[in-house]
Amino acid sequence: MGVHVINQTGAKVDPRTRRLLRRLVKSVLDWEGVSSHQVSLALVGKDRIQELNQRFRGVDAPTDVLSFPLERGARLVGDVVICVPQAIMQARQFGHSLEREMAYLAVHGTLHLLGYDHETTKDRAAMRAREEWFLARFGLPR
């Protein structure tokens, strides 16, 4: 059981960032009451995330993060896939660090594994508040 970070980008990812992402995802799961979990956090490039987005959502374009819950209930098993080039672009666009953007995407994807969504204004506000609450606990507020 645990959280595994898998770098599929071919580029070096700072070990501190990998540790932060692992701790952050585990903490979100713990704080949400999920004691038994097996989550993979894959770091990928634009081609791979576009392929997954097309295959599973029918959208032929890259995106920043995808979540794939495989099993839920007392035990959570799933995958979160983060597009590192997209995270780099968004960090620049929003004027914060890559570490903060990657952390945000990891939290966002993990909350999707837990059933959170942002389809309605109310759900979007609730999910955003939860994301910011978790990030603030790790010293990564907006």
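Within the range 97-110, restricting attention to residues that are hydroxyl-bearing (Ser, Thr, Tyr) and over 17 Å from residue 15 (Cα atoms), the residue that is surrounded by the fewest Cβ atoms within 10 Å (Cβ to Cβ) is 104.
Would you tally the residues in the range 50-96 being in a helix (DSSP H, G or I), buried (at least 17 other Cβ atoms within 10 Å of the Cβ) and out of contact with any helix residue (DSSP H, G or I) (no Cβ under 6 Å at 6 or more places or on another chain)? Matching residues across the range 50-96 total 5.
If you check 11, 87 for being over 24 Å from residue 117 (Cβ atoms), out of contact with any Lys or Arg (no Cβ under 9 Å at 6 or more places or on another chain) and among the aliphatic types (A, V, I, L, M), only one passes: 11.
Taken as a whole, the range 111-119 holds at least one residue that is farther than 21 Å from residue 8 by Cα and in a helix (DSSP H, G or I).
Each row is one residue, and each column tells you yes or no for (1) of a type in the set (Phe, Trp, Tyr); (2) in contact with a Cys (Cβ under 7 Å, 6 or more places away or on another chain); (3) touching a residue at least 40 places away in the same chain (Cβ under 8 Å).
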residue: 12; (1), (2), (3): no, no, no
residue: 20; (1), (2), (3): no, no, yes
residue: 32; (1), (2), (3): no, no, yes
residue: 46; (1), (2), (3): no, yes, yes
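Every number in this text was worked out from the coordinates using simple rules, so none of it is lab data. Computed from a predicted model, the values in this text were never measured in an experiment. Every residue, glycine as well, gets a Cβ built from its backbone with ideal geometry; the counts of neighbours run over all protein chains shown.
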